[in-house]
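So the structure is just underneath, and the comments pick up after that.
Throughout, read-outs are computed from the coordinates displayed, never taken from laboratory work. Small disclaimer: the values here were computed from a predicted structure and weren't measured. Heads up, the Cβs are rebuilt from the backbone with ideal geometry, glycines too, and the neighbour counts pull from every protein chain shown.
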Amino acid sequence: MRRAGSQTWLHHLSKAGKLCVPAINVNDSVTKQKFDNLYCCRESILDSLKKTADIMFGGKQVAVCGYGEVGKGCSAALKAMGSIVYVTEIDPICALQACMDGFRLAKLGDVVRQVDMVITCTGNKNVVVREHMDLMKNGCVVCNMGRSNTEIDVNSLRTPELVWQHVRAQVDHIIWPDGKRIVLLAEGRVLNLSSSTVPIYVLSITATTQALALIELFNAPEGRYKQDVYLLPKKLDEYVASLHLQTFDAHLTELTDEQAKYMGLSKYGPFKSSHYR
């Protein structure tokens, strides 16, 4: 199975012909993307910021870097609390979604002087670099909700002219020679994993997805999966979702035979194409 941090590594191994076993890409399953990345981050970003920075959100200007599922969750939560949210994006489709959702699309360099918070959600590296942090205003909060600890160039802050002041757990002030300081949370690591909790419901969905992926690989007939990276079959993705519907006392509508034939589907799914995300 593949978790978020190993995506690029496994795909690189596969392309180079060095992947020794089949791998199922669990992180890009629909249930994982929506619940762990979107819905969980929509709640945990507020909890994490309150626990660490103890700030009010109303009226604050925030730059959210990336508008994938994590960025969508963070942006929605902050907007609901009255923050003014700018979104940065490289993907025109995600960028258009951000605009249609009522966010201001901008380049980080154009807004970094005025924002009160910068939150990275891209899964990339060096999204926030020293040049950005040199321009930030006094008291700007910088944190990462994306992958690992690569998004904020923290190493560039470990220089003789800057003073690190450890305030409390997961909170450091980085002080410039002129007295300006930025507030760095969790030293650039994933904030909600460092400072908040992941609800049991979300863990259940993720763990179920991982377990079913392992069972699928173990039980698959020889030759079904080669030494490559695969998406979780949609039938299993939908099964994970159906198991967790019981929490809400929810009742699915069933297709009639006529409707299923008209749509070209099985009455029992999968209802989405294999590439749907």
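What do you get for trypsin sites (Lys or Arg not before Pro) in the range 53-113 restricted to DSSP loop and a cutoff of at most 16 other Cβ within 10 Å of the site's Cβ? Taking the range 53-113 and a limit of 16 other Cβ atoms within 10 Å, the loop trypsin sites (Lys or Arg not before Pro) found are Lys107, Arg113.
Out of the trypsin sites (Lys or Arg not before Pro) in the range 195-255, which ones are loop residues according to DSSP with at most 12 other C-beta atoms within 10 Å?
In loop regions of the range 195-255 (DSSP not H, G, I, E or B), the sparsely surrounded trypsin sites (Lys or Arg not before Pro) are Arg224, Lys226.
Hey, which aspartates and glutamates would be in cross-link range of Lys79, C-alpha to C-alpha under 19 Å, not counting anything within fewer than 8 residues on its own chain? Here the aspartates and glutamates satisfying the reach criterion relative to Lys79 are Glu43, Asp47, Asp54, Glu69, Glu89, Asp101, Asp116.
Within the listed set Gly139, Gly82, Gly17, the Gaussian network model of the chain (springs between alpha-carbon atoms below 10 Å) gives the highest mean-square fluctuation for Gly17.
Could you work out the longest stretch of the chain that avoids the GluC sites (Glu not before Pro) located in DSSP loops with at most 11 other Cβ atoms within 10 Å?
Numbers: sites that count: Glu161, Glu222, Glu254.
Result for the longest clean stretch: 1-160.
Which whole-number percentage describes the relative contact order of the chain, with Cα contacts under 8 Å and a sequence gap of 6 or more? Result for the chain is 21 percent. Compute the acute angle (0 to 90°) between the alpha-carbon long axis of helix 69-80 and the principal axis of greatest extent of the alpha-carbon atoms of the chain; round to the nearest 10°. The answer is roughly 60 degrees.
Computed from Cα positions, the angle between helix 200-219 and the longest principal axis of the chain comes to roughly 50 degrees.
In this rough spin-label picture, where each label sits 7 Å from Cα along the Cβ direction, the Asn124-Asn149 distance is 2.2 nm. Here the Gaussian network model covers the chain, with springs between Cα atoms less than 10 Å apart; of Ala23, Ala169, Ala260, Ala260 fluctuates the most. Cα to Cα, under 17 Å, and not fewer than 8 places away if on the same chain: which lysines meet these conditions relative to Lys235? Here the lysines satisfying the reach criterion relative to Lys235 are Lys32, Lys34, Lys267, Lys272. Helix 40-52 and the long axis of the chain differ in direction by around 30°, with both axes built from C-alpha atoms.
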